[in-house]
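Undergrad: Below you will find the structure I want to go over with you.
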């Protein structure tokens, strides 16, 4: 039996090697010849492995521990699979955070967070792992390289919160702080919304659908505000008060603002530089300095904010919805404009800034394919009347105007959508950009094909 005992002891060290992510099979190591031998071996394995294996087991304090490269997780939740997934996902997210902030590739190699995922507070308080000095928190909180997260009803959202607090911890480690509230929570939300788990996790994407982010809930609130005409201006978001303490709506607005600024190359440098140089500053001065860097482009920032909020929902894709405009777009001089309107993209600029009091006629020709199925839906400029989106026929040519000047009205008035169809006349009361779109749901653009030919002339 000596050789069997040696193999059993070896199994305790090798079978649950977390770094190698492998598990042994007893049948591969030990030939079992009788039931009594099987019981004996199982007991010995349990006794010998209990103290040294990386497998989940409650220690004397009744808590479970899981360790990764960048996270030491302690929990009272007896679910090894869920906690191992959190650890693996956190480890895979860290290099993506490092890349987002343009840090040196090895900047976080030695960085480790102590994370406490709690179903009940008491075991952590009893062991001194949940300081009474911490402010009350409904979801999660970070203090240096320690983070605490309350278990949520959905595994996704628990994992999301661990990532969210981890982003805070990394920013304090690298930048000495995370800026004012809107920047701190916006960046943490941006870098914790994720698809996939473990080594397959991808951070920073807009959720595809509600089922992919159970418990997250940001779109429900933002959509309600849009329907009620209560969309915040980007300036209001950047003035959010300190310490939101679980205000899900404000987290949603902060995420939207940071996501938009991070999406466009002309803002991204300023965003990253703000964290690198001013992360310690949580005052309004941080925001004023960032605004000063972008002030010349602010009319475009506002226009992009308005158009994003007009569409932002599950399935929103920046490769379809990014807005191509500039403050120095040519001023419309009354000549004819010919352009194309693509069915697989969102709002598209006609390429000009139109002076106040301009009146133009828009004519559309051609057809597009919507939903490339066995029987494709073909739409003319007036759309397909048997199916509606936004109360208008699917595939119809629609338009909206966005002001080119900065005017602080104190509220974000979203553009009014008007019908173009195959022919329409539009008057600009203010200097504006003119945008066109093929009417379709934001999550249904991918399989659209073709374009309409657009002709814009002065109205007579």
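Just so it is clear, none of the values below were taken in a lab; they were calculated from the coordinates. All figures in this text were calculated on a predicted structure; none of them were measured in a lab. Please note: Cβ atoms are built from the backbone with ideal geometry, for glycine as well, and neighbour counts cover all protein chains shown.
Undergrad: Which residues in the stretch 419-449 place their backbone N less than 15 Å from a point set 7 Å from the Cα of residue 385 along the Cα-to-Cβ direction?
TA: In the stretch 419-449, the label zone of residue 385 (backbone N under 15 Å from the point 7 Å along Cα→Cβ) covers 421-422.
Undergrad: Across 10 Å bins from 0, what is the distribution of all Cα-Cα pair distances for the stretch 62-126, in whole percents?
TA: Here the calculated profile for the stretch 62-126 is 20, 45, 25, 10, 0.
Undergrad: Here is a follow-up. What number does the stretch 64-176 give for Rg over Rh if you use C-alpha atoms and the Kirkwood radius?
TA: 0.95
Undergrad: Please find the FRET efficiency linking residue 120 to residue 265, where r is the Cβ-Cβ separation and R0 is fixed at 41 Å, and quote it to the nearest 0.05.
TA: Approximately 0.30, to the nearest 0.05.
Undergrad: Where does helix 80-100 land angle-wise versus the long Cα axis of the chain, in degrees 0 to 90, nearest 10?
TA: 50 degrees
Undergrad: For the stretch 57-129 and the stretch 272-345, what is the separation of their C-alpha centers, rounded to whole Å?
TA: Cα centroid to Cα centroid, the span is 36 Å.
Undergrad: Let me ask you something else. Using Stokes-Einstein with the Kirkwood hydrodynamic radius over Cα pairs, what translational diffusion coefficient do you get for the chain at 20 °C and a viscosity of 1.002 mPa s, in µm²/s rounded to a whole number? Mind showing how you got there, number by number?
TA: Numbers: Rh = 25.4 Å.
My calculation gives 84 µm²/s for D.
Undergrad: Here is a follow-up. Does the stretch 105-252 come out rounded, prolate or oblate by the C-alpha gyration tensor, with a ≥ b ≥ c the root eigenvalues, rounded set by a/c under 1.5 and, if not, prolate when a/b is larger than b/c and oblate if not?
TA: In terms of gyration-tensor shape, rounded.
Undergrad: Another one. Please arrange 311, 230, 189 by counting, for each residue, the other beta carbons lying within 10 Å of its beta carbon, fewest first.
TA: 230, 311, 189
Undergrad: To make sure I understand, if each residue's beta carbon is the centre and we count other beta carbons within 10 Å, what order do 283, 192, 250 fall in, fewest to most?
TA: On the way: 283 11, 192 24, 250 20.
Lowest count first: 283, 250, 192.
Undergrad: If you take the square roots of the eigenvalues of the alpha-carbon gyration tensor of the stretch 297-381 and sort them as a ≥ b ≥ c, do you get rounded (a/c under 1.5), prolate (a/b over b/c) or oblate?
TA: The shape class here is oblate.
Undergrad: Dividing the alpha-carbon Rg of the stretch 138-225 by 2.2 N^0.38 Å yields what?
TA: Relative to the 2.2 N^0.38 Å estimate, the stretch 138-225 comes out at 1.09.
Undergrad: Let me ask something additional. So the label point goes 7 Å from the Cα of residue 280 along Cα→C-beta, right? Which residues of the stretch 161-177 then have their backbone N under 12 Å from it?
TA: Correct set: 175-177.
Undergrad: Right, next: What FRET efficiency comes out for the pair residue 173/residue 239, r = Cβ-Cβ distance, R0 = 25 Å, nearest 0.05?
TA: Efficiency, from the Cβ-Cβ distance: 0.40.
Undergrad: Among 339, 416, 350, 385, which comes first, second and so on when ranked by fewest other beta-carbon atoms within 10 Å?
TA: 416, 385, 339, 350
Undergrad: Under a no-solvent Debye model with one identical scatterer per Cα of the stretch 327-458, what's log10 I(q)/I(0) at q = 0.10, 0.11, 0.12 Å⁻¹?
TA: The Debye formula, applied to the Cα set alone, gives -0.33, -0.39, -0.46.
Undergrad: Given 0.36 nm per residue, what is the gain on full extension from residue 99 to residue 356 after removing their alpha carbon distance, in nm?
TA: Length difference between fully extended and current span is 88.1 nm.
Undergrad: Expected output is a single nm value to one decimal: the length gained when fully extending between residue 209 and residue 110, i.e. 0.36 nm times separation in residues minus the C-alpha distance. What is it?
TA: Between residue 209 and residue 110, full extension yields an extra 32.1 nm.
Undergrad: Additional query: Rounded to whole Å and sorted largest first, list the principal axis extents of the Cα atoms in the stretch 229-378.
TA: 55, 44, 30
Undergrad: Same structure, new question: What is the helix-to-structure angle for 298-311, meaning the angle in degrees between its Cα long axis and the longest Cα principal axis of the chain, kept from 0 to 90 and rounded to the nearest 10?
TA: It works out to around 70 degrees.
Undergrad: Can you give the extra length, in nm with one decimal, that the chain gains between residue 296 and residue 373 once fully stretched, where that is 0.36 nm per residue apart less the Cα-Cα distance?
TA: Result for the pair: 23.2 nm of gain on full extension.
Undergrad: Taking 45 Å as R0, compute the FRET efficiency from the Cβ-Cβ separation of residue 430 and residue 143 and round it to 0.05.
TA: With R0 = 45 Å, the Cβ-Cβ based efficiency is 0.40.
Undergrad: Determine the shape class of the stretch 243-307: with a ≥ b ≥ c the square roots of the Cα gyration tensor eigenvalues, call it rounded for a/c under 1.5, and otherwise prolate if a/b is greater than b/c, oblate otherwise.
TA: Oblate, because a/c is 1.5 or more while a/b does not exceed b/c.
Undergrad: Rounded to the nearest 10 degrees, what's the angle between the helix 248-263 long axis and the longest principal axis of the chain, both from Cα atoms, 0 to 90?
TA: 70 degrees
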